[in-house]
Each structure stands twice: as structure tokens, then as C-alpha cells.
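Here's the structure, in C-alpha cells; my notes come after.
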Amino acid sequence: MTDLSVNVAGVGFHNPLIAASGTFGFGREYAEFYPLSVFGGISTKGTTLHPRPGNPPPRVTETPGGMLNAVGLQNPGVDAFIQQELPWLSRQGTRIVANVAGSAVEDYCQTVEKLNPTCVNMVELNISCPNVKEGGAQFGTSAQSVYDITRAVRDVCKKPLMVKLSPNVTDISEMAVAAEHGGADAVSLINTLTGLRVDIRTRRPILHNNTGGLSGPAVLPVALRMVWQVHQKVKIPIVGLGGISTWQDAVEMLFCGASALQLGTVLFTDPYAPVKIAQGLSEYMEKNGVAHVADLTGGIRPW
Amino acid sequence: MTADVFDFTVEAPAFADVAQPGQFAQIRLPGHTLRRPISICNIDRDRGTLRFVFQVRGAGTEELSRYKSGDSLEILAPLGHGFPLDLPGRVLLVGGGSGTPPLLGVAAQYRENAVAVLGYRTASAVILEQDFRDMGAKTVIATDDGTYGYSGLVTDAARQEQFSAVVACGPLPMLRAARDLAVERGVPCYLSLEERMACGIGACLGCAVSLVDEAGQPYYGHVCKDGPVFPAEKVAL
């Protein structure tokens, strides 16, 4: 029997598949399809100190090999998350990664302080949402600001801390190093790539926010490259995401240096993708005599 | 049915057993990241089938239109909340163009107690007229250019009817006019909305629609989970 379990920053996940924040809500909808324990963990919808209404529609559009979204961090706020979602979610047999967003350092810190006494297993710091004004991305696009916010949150955060990095930078490995120096226990990458589509009839951008975040199979090669680059620069574990839609994609991401994986947009194509990817990964490991997922991490043989 | 409207009947007994008029399906198309939300036109529990009547709007629906009898489709259904089926008295169904198909399932429930007033651009775009008549619904057709039936807006044609509730599906100006007509007559009104959609189940929050809460405050609900059918007074049109 192969062992799919992984350990990321001291948190044990029974398999390396984590639902990506923003694609999975707080889990209730997908629980109608399968037990949430299909996933090793769930990264919950980006949560802020106060409720946020989100952006006006249209918020999503399909693109070749992917989609653009500009939901704008619509969420009920951290108090509602703790009171209304967490009690149920904590009984689903999966690890809970609380994705935290904000528009000021103090917001992040106060939100994380509210999560400290809860059963959340890990905090994922979202400093890479491209879709709201002052929605975190301004913290994620310079090494100094990545360091500063990671440091500030680290000082108050009692949970393992993972920083989610934006690909909309010149050198993502500099951001990863800054997060590591700031005290991050792990990094997750990549968030979406900022994009734009235009309705040629009306000359309007299709999304009301004008720009949106590109995700889906189209971004997989970019994500693989960035995870590979970051893996060469940091010692903390990497959670890899961006366009993973098959078990083969998952194996590639592990080879590039990921210790665990997040699945997002593929859920919209096929809600059962995590079941199929876990199965395929398990069979691949069995056939190739790989006992632990960690044995695949960083296994790429570069030319 | 016309140059760009297609009529599929899909064998799916498990879905047909539980589907309600006004609900929708998410149909997967190979090579596409997002499924296509298609409204359920009618449900045949005895045969275990769902009927979809859809218009080609882009690459996805164009590919869907090329499926042939005997092919298989990967479908998530039934999704969302449908139309109320316990409205008393005579129910006015107001439909516009590609918004008319989901009303057929409603007509199948209310039969002689339904009056369908259906609007199309022009005579060649008229669909489902006989299907509505076969349900026993009084059926009135209107065309924008007057080439068939009543000449003018579907909501103007509807003014000549007596009814105690309104359900509507179609373009936004038509939905507004249907709501206004219901307010004028003092009867309940339900609207089926659409928005660009991703997950189809309420997780991604993509298909936002502006709603008003009990205190009259606006907020974003979602077409896929809170709708696609909404009480008109809850929608900020």
C-alpha cells in the first residue's frame, strides 16, 4: 500500500490534495458530492476582518484553457466564519487551512488573532488577491512588503503560517525568500495571473472589475516553473497550485518541488477531480515503487 | 428548431425523478474549463428524460449543438431553485426568445390554469408554440417586428389577460416590465435570471446578482444557488 500522507510545516494531511481557496467556499456545497475527507485539507474562502460584499457582476468568464475571475473577496467576515462555518467544517475529517485577506497589516493581524483560539490547523496569508483595491496584492509584490507583513503576522499568529504568493512579480523566488525570512512556515504558489478580456461588440471588458485572475490548465506551465524556481531558493515547504487538473499534473508539480498541492479551477470542470487525482497518484506510486509522496517532492532531473 | 436553437432530449432517469421546472443543468464540453449552464425545458418522469432547448451563444453551445442522437453528455443536474408550483388561480407565463424554454415545464404543471405570452424577434424565431398549446395553456405569441401574432412587446400583449400570478424568463427589460405588470395588478411575481457562471453550485460566488434583504439593503446573492428563480421583490433589477 502506498502512503499518500504528507506533512507540511508540522501539519499532517492524510493526502496531499488541498482545495484551493475561493473555489470551494467553506465546503458545504461539495459535501453534497462526496465526504470532504476526499481532500487532505481545505483552504477556505478568503476571509477578512469584516464582511465584504464582493465585486459587481460579471465576475467570471471562460478563456482558452482556463478562466478569469474577479469575485472580489466576497465573504461573511472572520466572526461569521468562526461561528457559522468552522464548527461544521471541523467535523468533516479534513485539515482546515484558513485563508486570510485584508487591506491593512492591522486587519490581517486582528483576523489571525481571532483564529488563534480556534481549531483551524493552518493560516494561509493571502497577499496576492489581484481583484480588489488594496486587497492584499500590494503586500505581495515587493520583497520588503512581503517580509514586513509576514513578520507582523508571524508575531501574533499561533498557527503554522503559510504565505500565498502572487505570480504577478518579476521574480517570485525573491518573494518566497522574503516570506521565509519573515517567519513563514510554508509558501503556497501560485495565485492567479492578472488578465483581461474585451467584448468587441460593446468595447467593454467582460469582467466588471475590468481585470481578473487567470486560472486553469493554461497557467500550469507557469506554476510549475515558479514552484521549481522557488524550490531552489527556500528550505520551507511549498504547496503547489495553478492549473492542476490530472494526476499527471500533480506528479509534475511534486517533482518541481511541491510538498502538497491545491486544486481549484478543475473543480468547476469536474467536481470529482480530487477523487480521480488521488486514485491516479496512488496507482502511479504503486507502479513505480514510491512509498511516500515526499519521495516525489523535488524529484525533477533538470538538464 | 431554428437556425440557432436546438432541441435535445436526454435520458437521465435519476435527474428526471427529482428535477423541477426552472432548475438548470451544467453540461461539460470536452476541452472547456467551464461547464455550460442550460435551463431544463421540460421533465418527463415516465420516460426518465430531460429536455433542453438552447440557443447557440458562443463556442461552447455551438459545440453542444453538434452532438448527435446516441452521444453521451456529462451533466450536473438538477441545480438551483425552480419556479413555485403551488400558485393559486391563473398563472401568466411571460417568456422572451431563448428565455421561453424553461416556462414549458411550468406550463406542464399549471396546464389550463396557465396563459403563456411568448415574445420573439420575428416569425422565424418562434419556438415551442405548439408545445405550450399541447400543455393546455392558452398561448399568445408576439413578435417585435409584427411578422407573426401580436405586434409589439410581450408585456403589452399580456395586459389583455387576467391572471393571479406572474412567472417570467427572458431579457432584462422584459423582466422589469413583467415585474411592473405584476405590481400593477397586485399579484406575486417570480423571475428567472442568468449570469456568467463557474461552479454552478454556490461555492465560487461567480454568478453574483444584486438582491435586497428584508431591511431593503442591497447584497450580492448568486444565480446558481439562490436562484435562478427569485421572487421579483428580492431582486434589484
Quick test for you: out of B:SER124, B:SER151, pick the one residue that is without any contact (Cβ under 8 Å) to a residue 12 or more places away in the chain and out of contact with any strand residue (DSSP E or B) (no Cβ under 6 Å at 6 or more places or on another chain).
B:SER151
Residue ranges of strands (runs of 3 or more DSSP E) in the stretch B:1-98 with at least 1 members farther than 30 Å from B:TYR110 by Cα and within 13 Å of chain A (Cβ to nearest Cβ):
B:24-28, B:74-79
Residues that are in contact (Cβ under 8 Å) with a residue 60 or more places away in the chain and under 13 Å from B:ALA77 (Cβ atoms), drawn from the stretch B:27-52
B:ARG35, B:PRO37, B:SER39, B:ILE40, B:CYS41, B:ILE43
Scanning for something closer than 24 Å to A:PHE39 by Cβ, within 14 Å of chain B (Cβ to nearest Cβ) and surrounded by fewer than 24 Cβ atoms within 10 Å (Cβ to Cβ), does the stretch A:123-135 turn up at least one residue?
no
Quick check, is A:SER5 at negative phi, surrounded by 21 or more Cβ atoms within 10 Å (Cβ to Cβ) and polar (S, T, N, Q)?
no
Would a scan of the stretch A:69-85 turn up a residue that is more than 13 Å from chain B (Cβ to nearest Cβ), within 21 Å of A:LYS164 (Cα to Cα), within 19 Å of the chain's Cα centre (by Cα) and buried (at least 22 other Cβ atoms within 10 Å of the Cβ)?
yes
Just one of (1) within 24 Å of B:GLN26 (Cα to Cα); (2) in contact with a Phe, Trp or Tyr (Cβ under 9 Å, 6 or more places away or on another chain) trips up A:CYS256, so point out which.
(1)
For A:PRO53, which of the numbered conditions (1) buried (at least 22 other Cβ atoms within 10 Å of the Cβ); (2) within 11 Å of chain B (Cβ to nearest Cβ); (3) over 21 Å from A:GLY240 (Cα atoms) fails to hold?
(1)
I need a count of the residues in the stretch B:192-208 that are surrounded by fewer than 24 Cβ atoms within 10 Å (Cβ to Cβ) and at the interface with another protein chain (Cβ under 7 Å from one of its Cβ atoms).
4
If the Cβ limit is 6 Å and pairs must be 6+ apart or interchain, which residue in the stretch B:213-237 that is buried (at least 20 other Cβ atoms within 10 Å of the Cβ) pairs with which residue that is in a helix (DSSP H, G or I)?
B:ALA232/B:ARG179
Qualifying residue in the stretch B:11-19 (condition: under 17 Å from the mean Cα position of the chain (by Cα), within 30 Å of A:MET67 (Cα to Cα) and touching a residue at least 12 places away in the same chain (Cβ under 8 Å)):
yes
Taking the options A:LEU281, A:LEU263, A:LEU241, A:LEU224, name whichever one is within 14 Å of chain B (Cβ to nearest Cβ) and not hydroxyl-bearing (Ser, Thr, Tyr).
A:LEU263
Condition met for A:PHE33 (in contact with a Pro (Cβ under 8 Å, 6 or more places away or on another chain) and of a type in the set (Phe, Trp, Tyr))
yes
Might you let me know whether the stretch B:167-177 holds any residue that is on the phi < 0 side of the Ramachandran plot, facing chain A (nearest Cβ under 10 Å) and in a loop (DSSP other than H, G, I, E, B)?
no
Out of B:ARG90, B:ARG57, B:ARG45, which single residue is charged (D, E, K, R) and surrounded by 17 or more Cβ atoms within 10 Å (Cβ to Cβ)?
B:ARG90
Name the single residue that is farthest from the other protein chains (Cβ to nearest Cβ) among those in the stretch A:14-42 being surrounded by 20 or more Cβ atoms within 10 Å (Cβ to Cβ), in contact with a Gly (Cβ under 9 Å, 6 or more places away or on another chain) and hydroxyl-bearing (Ser, Thr, Tyr).
A:SER21
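Every read-out reported here was derived from the displayed coordinates using simple, explicitly stated rules and does not represent laboratory data. Note that the structure is a prediction, hence the values are computed from the model and not measured. So basically every Cβ, Gly included, is an ideal-geometry build from the backbone, and we count neighbours across all protein chains shown.
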